[in-house]
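The structure appears below as structure tokens.
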Amino acid sequence: MFAIMNGRKGCDFMKYLKMNNGLSIPILGTGTNTFGKEDNDFNGKITYDTKELQSAMKLGYRLIDTAIYYRNEAVIGKAVQESNIDRKEFFITTKIPEGKEFTKNNDQVTYYVEKSLEELKVDYIDLYLIHFPLETNEENLRVWRVLESFVDDGKIKSIGVSNFSEEQLGYIIKHSRIKPALNQFQSYPGKHQQSLIDFCKANDVIPEAYQSLTKVDNSTKKKLTEIGKVYDKTWSQVILNYQVNQGLVVIPKSHNEQHRYENIDVFDFTLTKEEIDTIKEM
Ligand SMILES: NC(=O)c1ccc[n+]([C@@H]2O[C@H](COP(=O)([O-])OP(=O)(O)OC[C@H]3O[C@@H](n4cnc5c(N)ncnc54)[C@H](OP(=O)(O)O)[C@@H]3O)[C@@H](O)[C@H]2O)c1
């Protein structure tokens, strides 16, 4: 189990986890896959509108989760520059897609990592992930070794994976020089992926949940709403509180200011063991 530490300068209520390389990661951040896009549509035209990111930053979000696949790294870079917040306070995650166009040889991987740095307008990236596993473990490892060389150069601080199974993650752990710091995967009440969470923790890899909220069905929301009433919290706050206390990093995304506020206001209540067990069984 990872030790949860209290916040530091700029965002006093935020909690951090220590990764296996000694660096810390905010336990809660914002997803961005539809930010800076026309009609908040994943496939929408990039608008470079940073209003929602600015609002998230004001509320205290410092971890920002993007990806080459989202086409909005430049929007995140612009928002960070406009924020007047010290770059060092941010924790920026991006991801290289698994597709051949991006990964067919080491030069391509290098090209796209350099492009991420350029689009984000930063001289280092906090966390770089392989977005989805490639076709074989050997291929994953080949891309991984390029990412390791960027860590050696100081252009990436930490590296990890996303959507990797226990077997795929285990292979990287076994054969890599720099161990994966984190695995980002879908996790929510209804599909916790408990075995993968346990595998990550047993191997000192931080589990990070995506789509904590959007996939939850209505009957589950109803039960979570009941649990939340005692604490004056919403179903979404109950989920996020549960996940962070299980040692997962979470990255809820919202286009609604009230929801963004709620989603970061999840550290001031403690679920009972019974409630935790009930949610775990969902
Ligand atoms: N690694 C991967 O393969 C992968 C895949 C998918 C996503 N991701 C990352 O994970 C992030 C989160 O996933 P996601 O954006 O798909 O889903 P999400 O964060 O689980 O949920 C977003 C949805 O939930 C609603 N919502 C947010 N806060 C709420 C609240 N407090 N109350 C009620 N509804 C709320 C939002 O609507 P409103 O806008 O109306 O609030 C939106 O419809 C993404 O943005 C992306 O960065 C990674």
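The values are calculated or read from the model by the stated rules, or taken from the named source; none is laboratory data. Small disclaimer: the values here were computed from a predicted structure and weren't measured. Cβ coordinates were reconstructed from backbone atoms using ideal geometry, including for glycine residues, and neighbour counts include every protein chain displayed. Areas reflect the complete protein model, heavy atoms only, side chains present, ligands, DNA and RNA absent. Shrake-Rupley method; radii C 1.70, N 1.55, O 1.52, S 1.80 Å.
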> Which residue, ILE64, ILE227, ILE96, has the most motion in a Gaussian network model of the chain that connects Cα atoms within less than 10 Å?
Replying inline: ILE227
> What length, rounded to one decimal in nm, is gained on full extension from ASP107 through to GLU89, with 0.36 nm per residue of separation minus their alpha-carbon distance?
Replying inline: 3.4 nm
>> Given points 7 Å out from each Cα along the Cα-Cβ axis, report the ASP152 to THR270 separation in nanometres with one decimal.
In response: 4.7 nm
>> Taking all protein chains in place and a 1.4 Å probe, what share, in percent, of the accessible surface of region 178-282 do carbon and sulfur account for?
In response: 48 percent
> Stokes-Einstein at 37 °C, 0.692 mPa s, Kirkwood radius from Cα pairs: D for region 129-248 in µm² s⁻¹?
Replying inline: 211 µm²/s
> In whole Å, what is the distance between the alpha-carbon centres of region 73-136 and region 175-206?
Replying inline: 21 Å
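What accessible area per residue comes out for the chain, rounded to a whole number of Å², with a 1.4 Å probe?
Details: 12560 Å² over 282 residues.
Result: 45 Å² of accessible area for each residue.
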> Scaled to the compact-protein estimate 2.2 N^0.38 Å, what is the alpha-carbon radius of gyration of region 195-242, rounded to two decimal places?
Replying inline: 1.37
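Please report the orientation-averaged projected area of the chain, defined via the convex hull of its C-alpha atoms, in nm².
On the way: hull surface 55.6 nm².
The orientation-averaged projected area of the Cα hull of the chain comes to 13.9 nm².
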> R0 = 22 Å: FRET efficiency of LYS51 with GLU114, Cβ-based, nearest 0.05?
Replying inline: 0.15
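Given +1 on the Cβ of Lys and Arg, -1 on the Cβ of Asp and Glu, and no further charges, what dipole in debye does the chain carry about its Cα centre, rounded to the nearest 20?
280 debye
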>> If the elastic network links every pair of Cα atoms under 10 Å, which of VAL238, VAL216, VAL161 fluctuates the most in the Gaussian network model of the chain?
In response: VAL216
> What are the ³J(HN,Hα) values, in whole Hz, obtained from phi via the Karplus relation 6.51 cos²θ - 1.76 cosθ + 1.60 with θ = phi - 60°, for each residue of region 124-141 in sequence order, with x given for Gly and Pro?
Replying inline: 8, 10, 5, 8, 10, 10, 7, 5, 9, x, 7, 5, 9, 4, 5, 5, 4, 5
> For region 202-229, list residues with backbone N below 17 Å from a point placed 7 Å from the Cα of LYS191 toward its Cβ?
Replying inline: 208-221
>> Which one, ASN263, ASN21, ASN33, has the greatest fluctuation when you compute a Gaussian network model over the chain with C-alpha springs under 10 angstrom?
In response: ASN21
> Among LEU120, TYR61, THR50, whose Cα lies farthest out toward the positive end of the dipole of the chain, if unit charges sit on the beta carbon of Lys, Arg (+1) and Asp, Glu (-1)?
Replying inline: TYR61
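Expressed as a rounded percentage, what relative contact order does the chain have, with Cα pairs under 8 Å and six or more residues apart?
On the way: 499 pairs, mean separation 45.8, N = 282.
Relative contact order comes out at 16 percent.
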>> Full-extension gain between SER165 and PHE13, please, as 0.36 nm times their residue separation minus the C-alpha to C-alpha distance.
In response: 51.5 nm
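Taking a quarter of the surface of the Cα convex hull of region 14-102, what do you get in nm²?
Details: hull surface 26.6 nm².
If you wrap the Cα atoms of region 14-102 in a convex hull and average its projections, you get 6.6 nm².
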>> Suppose we keep just the DSSP beta bridges with both residues in the chain; what percent of those would be antiparallel, to 5?
In response: 20 percent
> Around PHE91, which amide H atoms from residues at least 5 apart in sequence, or from another chain, sit under 5 Å from its own amide H, with H modelled in the peptide plane?
Replying inline: LEU63, ILE64
>> Please list, in order along region 233-238, the HN-Hα scalar couplings obtained from phi with the Karplus expression 6.51 cos²θ - 1.76 cosθ + 1.60 (θ = phi - 60°), rounded to whole Hz, x for Gly and Pro.
In response: 10, 8, 4, 5, 5, 5
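Report the gain in length on full extension from ASP277 to ASN40: 0.36 nm times residue separation, minus Cα-Cα distance, nm rounded to one decimal. Can you show the working numbers first?
On the way: separation 237, 0.36 × 237 = 85.32 nm, distance 3.56 nm.
Answer, rounded to one decimal: 81.8 nm.
Mind checking the dipole of region 1-136: about its Cα centre, +1 per Lys or Arg Cβ, -1 per Asp or Glu Cβ, Debye to the nearest 20? Spell out each step's value before the answer.
On the way: 18 positive and 20 negative charges, 94 e Å.
The calculated dipole for region 1-136 is roughly 440 debye.
Please report, largest first and rounded to whole Å, the three semi-axes of the ellipsoid equivalent to region 38-191, where each semi-axis is the square root of five times an eigenvalue of the C-alpha gyration tensor. It would help to have the intermediate numbers written out before the result.
Details: eigenvalues 139, 59, 49 Å².
In descending order, the three semi-axes are 26, 17, 16 Å.
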